[in-house]
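Here is the structure we will look at, set down as structure tokens.
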Amino acid sequence: AVERVDGWRDTLYAAGAVVPPVRPQAWNARSGYEQGARLATDPTVTAIFCANDQIALGVLRALHEAGRRVPEDVSVVGFDGMPDSEYFLPPLTTVRQDFGELGRRSIDMLLGKIESTGQPTEHMLLSPELVRRASSSRPRA
């Protein structure tokens, strides 16, 4: 979670964009809905990056109920690339992680640690993939 926020913040800084405050919440659709309802009342909000796809599902519903169009008024991007995200309305732009590869590397690290004598634990970092779908677009002028 910390690395997701750091990556989001670093990307905004690098683009010269305003970095809004992080709004911590539970990682479920209900929390996304509640935060989305709050954000929907602010006309200056044009994009929402969600810590996972479940949160994004709730945000999408809240924006719809508030009459905010996605992506025309607000772009929404999730994280994790859950298989169902392509069936959200609109289909969700998401950052996909290869959880199979993550699991394989984790097991390899664990086995290496068990078999070694004091080898330092390596830091594992996988490059995620941006999957562009209909929930995001270029910023409006």
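The values are calculated or read from the model by the stated rules, or taken from the named source; none is laboratory data. Keep in mind that this is a model prediction, so the values were computed, not measured. Reconstructed Cβ throughout: ideal geometry from the backbone, glycine too, with neighbour counts over all protein chains shown. These area figures cover heavy atoms from the full protein model, side chains too; ligands, DNA and RNA do not enter into them. Shrake-Rupley method; radii C 1.70, N 1.55, O 1.52, S 1.80 Å.
Over the chain, calculate the relative contact order: mean separation of alpha carbon pairs under 8 Å at least 6 apart, over the residue count, as a percent.
Contact order relative to length: 20 percent.
Compute, for the chain, the length of the dipole vector about the Cα centre, with Cβ point charges of +1 (Lys, Arg) and -1 (Asp, Glu) only. Units Debye, rounded to 20.
460
Can you tell me how much longer the chain between Ala26 and Val5 gets when fully stretched, taken as 0.36 nm per residue apart minus their C-alpha distance, in nm with one decimal?
The Ala26-Val5 span can extend by a further 6.1 nm.
By how many nm would the segment from Ala37 to Glu72 lengthen if fully extended, with 0.36 nm per residue of separation less the alpha-carbon distance?
Extra length available between Ala37 and Glu72 comes to 10.9 nm.
Along the positive direction of the dipole of the chain (beta-carbon charges: Lys, Arg +1; Asp, Glu -1; about the Cα centre), which of Pro91, Leu110, Pro71 reaches farthest?
Pro71
With a bin width of 5 angstrom, please list the P(r) values of the chain as percents of all Cα-Cα pairs, from the 0 bin to the one holding the largest distance.
So the P(r) values, bin by bin, are 2, 9, 17, 19, 19, 12, 7, 6, 4, 3, 1, 0, 0.
Given a 1.4 angstrom probe, I'd like the percentage of the accessible area of region 4-141 that is carbon and sulfur, rounded to a whole number.
56
Of Arg96, Arg68, Arg105, which has the largest mean-square fluctuation in a 10 Å C-alpha GNM of the chain?
Of Arg96, Arg68, Arg105, the Gaussian network model singles out Arg105 as fluctuating most.
Please compute the per residue accessible area over the chain with all protein chains in place, 1.4 Å probe, rounded to a whole number of Å².
Averaged over the residues of the chain, the accessible area is 67 Å².
Describe numerically, in nm with one decimal, the distance between label points set 7 Å from Cα along Cα→Cβ at Glu65 and at Tyr87.
Once both label points are built, they end up 2.2 nm from each other.
How many Å³ per residue does the convex hull of the Cα positions in region 1-57 occupy?
With only Cα atoms used, region 1-57 gives 80 Å³ per residue.
Tell me, Kirkwood radius of region 63-141 from alpha-carbon pair distances, in Å?
15.2
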